[in-house]
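All remarks here apply to the structure that follows.
The values are calculated or read from the model by the stated rules, or taken from the named source; none is laboratory data. Please read all numbers here as calculations on a predicted model, not as lab measurements. Glycine gets a Cβ as well: all are built from the backbone with ideal geometry, and neighbour counts include every protein chain shown. We work out accessible area using only protein heavy atoms, side chains counted, and drop any ligands, DNA or RNA first. Shrake-Rupley method; radii C 1.70, N 1.55, O 1.52, S 1.80 Å.
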Amino acid sequence: MVRAFIDFDGTIAIRDVGDLMFETFGGAECVRIVEEYRAGALSATECFRRECEACGEVDTRSLETFLDAQELDPSFGDFVRFCRDRKIECTILSDGMDYYLARILSNHGLQGVPFYANRLELVPVEGVPRVRFRPSFPHRDETCDRCACCKRNQLLA
């Protein structure tokens, strides 16, 4: 059986949506947090948790507008059709967040493409059209802290 595994941020999506989302809604604090991660001072899961905290309360409409503006590689839809026509399993492996992957794929008519990613719950702020980000990591590796969604483990499974 032939399978295709594809990265999302900066590969299927033209830009790194995760980095952009956190920088857009969390500003310079998120940039600083990522620098700490890259220096080895934080695990990937701690990096994501801190980025989510740094974003504070996010306006729902602004988040939707931001995500709806994200572009995919124009050849990705054709690639998915190519794989489907040939019964090739096509799966996205991403260290990004499921919320934005699902929304962006759906916006491009590709909601049926399976993916593994970190979870991002949008927790409503009572009385206002705002949310807080709450991450979780169902696909992490217990022994490695450099990614939050272990692509290697998904490939081996």
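Details
- For Cys90, residues with placed amide H under 5 Å, excluding near neighbours: Ala4
- Kirkwood-type radius of segment 82-157, with distances r between different C-alpha atoms, in Å: 14.2 Å
- Computed from the C-beta positions of Thr60 and Met1 and an R0 of 41 Å, the FRET efficiency is 0.50 to the nearest 0.05.
- The distance from the alpha carbon centre of segment 44-70 to that of segment 1-29 is 13 Å, rounded to a whole number.
- Full extension of the chain between Glu126 and Glu71 yields a length gain of 16.6 nm, computed as 0.36 nm times the residue separation minus the alpha carbon distance.
- Heavy-atom surface of segment 25-126, accessible at 1.4 Å and reported per residue (Å²): 53 Å²
- Candidates Asp59, Asp85, Asp16, ranked by Gaussian network fluctuation over the chain, Cα under 10 Å, top entry: Asp85
- Largest accessible area first, the residues Met97, Met1 order themselves as Met1, Met97 under a 1.4 Å probe with ligands, DNA and RNA left out.
- Annotation for Asn153 and Arg86: the two label points, set 7 Å from Cα along the Cα-Cβ direction, are 3.1 nm apart.
- Whole-percent carbon and sulfur share, accessible surface of the chain, 1.4 Å: 48 percent
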